[in-house]
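A.B. asks: One structure, as C-alpha cells, below. Some questions next.
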Amino acid sequence: MSEWAAKRFWKDVGVTADGAGFSVWLDDRPLRTPAKRALVMPTEAMAERVAREWDEQEGVIDPAAMPWTRSANSAVDKVGPQRAEVEAHLAGYAATDHLCYRADGPVGLAARQSAHWDPLIDWAASRFDVSLNVTSGVMPVEQPDKTLGRFRQTMAPLTEFELTGFHDLVTLSGSFLIALAVLEGRESPEALWRASRIDEDWQIEQWGEDEEAAEHATLRQAAFLHGADFIGIAK
C-alpha cells in the first residue's frame, strides 16, 4: 500500500505585504507553517523565493525541492520559539570550534590547516577582541569565558530568520568562526566552505574519493551556501 502524499491543489501563487513582512498565498489561502503559524517573512525577496518553490511544484509536493520554504518554516516554528536553546546549542560549537583543533601530523596537513585557519583565528581575535586557544591532537582545550561570552553576544542582534541561516552555517561547517566570517563578509561562502573541508579534502587526496561520501558532501555544501543566501536575503 503506497503512502499518501500531498498534491498540488492551487492554481495561482502570489506574494502580499502583511504588516511588517510578506506572505505567500496559494489562491485565496495564506501559506502557514507545519505548526499552523502564519508564515510572514521579513523581505519581499524571501517571500518571492518561497512563492517560486510552490509555483514550481507539479503533482505531488516535493519538500526536498523547497529549501527556502523549509528554512522559513524553521525560523518561525523552531528558532523563534526556542531561541535561547538554539543560541546555547551554537555556543557549544564556539567552545569546541573545529578551527582550534589541529592535526599533529602529517606535516602537509598541519601546514595546510595553519595556512587557511590561522588567518581566520587572527581575524576573529582582532574583530571581537578575544583570545582563542589552539591545540594539536585530540586533547580538549578550553576557551576563555570572555571569548565565549563575546561570541554569544554576536547572535543577539540576529533576527530569527538570520539565526536560522547562521545555525546551518555553524552546524554544517562545525565552526562558529567560519559562520561568523560568512556573516561578516570576511571571505566568500564558497572559500569558507572549502576551509571547513581541509581535513576531508586531504583524506581524499591520499586515499581517493568515495562516491557516496562525495554525494553527501555535495548536499552539505549546497545547504551551507543556501544558509549564507538565506541570511543575506533576510536582511
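A.B. asks: Take the residues in the range 95-110 that are hydrophobic (A, V, I, L, M, F, W, C) and closer than 14 Å to residue 140 by Cβ; name whichever of them is surrounded by the fewest Cβ atoms within 10 Å (Cβ to Cβ).
C.D. replies: 95
A.B. asks: In addition: Pick from the range 24-72 the residues that are of a type in the set (Val, Ile, Thr) and in contact with a Lys or Arg (Cβ under 7 Å, 6 or more places away or on another chain): which of them is nearest to residue 228 (Cα to Cα)?
C.D. replies: 61
A.B. asks: Restricting attention to the range 34-55, report how many residues are closer than 21 Å to residue 235 by Cβ and outside any strand (DSSP E or B).
C.D. replies: Matching residues across the range 34-55 total 14.
A.B. asks: Considering only residues that are at pLDDT below 95 and in a strand (DSSP E or B), which ones fall in the range 11-26?
C.D. replies: Of everything in the range 11-26, just one residue is at pLDDT below 95 and in a strand (DSSP E or B), namely 18.
A.B. asks: Right, residue 163: surrounded by 17 or more Cβ atoms within 10 Å (Cβ to Cβ), modelled with pLDDT of 95 or more and not basic (Lys, Arg) or not? Don't jump to the end; show me each part of the working.
C.D. replies: On the way: surrounded by 17 or more Cβ atoms within 10 Å (Cβ to Cβ): yes; modelled with pLDDT of 95 or more: yes; not basic (Lys, Arg): yes.
For residue 163, the condition - surrounded by 17 or more Cβ atoms within 10 Å (Cβ to Cβ), modelled with pLDDT of 95 or more and not basic (Lys, Arg) - is met.
A.B. asks: Suppose we filter the range 186-199 for residues that are part of a helix (DSSP H, G or I) and of a type in the set (Asp, Glu); how many remain?
C.D. replies: Adding up the residues that qualify gives 2.
A.B. asks: For the range 56-92, how many residues meet the condition of being surrounded by fewer than 16 Cβ atoms within 10 Å (Cβ to Cβ), assigned to a helix (DSSP H, G or I) and among the charged types (D, E, K, R)?
C.D. replies: Residues meeting the conditions: 2.
A.B. asks: Kindly evaluate residue 92 against the criterion of being without any contact (Cβ under 8 Å) to a residue 12 or more places away in the chain, out of contact with any Lys or Arg (no Cβ under 7 Å at 6 or more places or on another chain) and assigned by TED's automatic domain parsing to the domain that holds residue 220.
C.D. replies: Values: without any contact (Cβ under 8 Å) to a residue 12 or more places away in the chain: yes; out of contact with any Lys or Arg (no Cβ under 7 Å at 6 or more places or on another chain): yes; assigned by TED's automatic domain parsing to the domain that holds residue 220: yes.
So residue 92 passes the test.
A.B. asks: Could you give me the residue pairs with C-beta distances under 7 Å whose first residue belongs to the range 45-65 and is touching a residue at least 24 places away in the same chain (Cβ under 8 Å), whose second residue is charged (D, E, K, R) wherever it lies, and which are 6+ apart or on separate chains?
C.D. replies: Going by the 7 Å Cβ cut-off, the qualifying pairs are 57/8; 58/8; 59/7; 59/8; 60/7; 61/7; 61/8.
A.B. asks: Now, a different point. Taking the range 161-185, which residues are part of a helix (DSSP H, G or I) and either among the basic types (Lys, Arg) or farther than 18 Å from residue 75 by Cα (or both)?
C.D. replies: 173, 176, 177, 178, 180, 181, 182
A.B. asks: Count, please, the residues in the range 127-160 that happen to be more than 24 Å from the chain's Cα centre (by Cα) and part of a helix (DSSP H, G or I).
C.D. replies: Count: 2.
The values are calculated or read from the model by the stated rules, or taken from the named source; none is laboratory data. The structure presented is a predicted model; accordingly, all values stated were derived computationally and were not measured. Please note: Cβ atoms are built from the backbone with ideal geometry, for glycine as well, and neighbour counts cover all protein chains shown.
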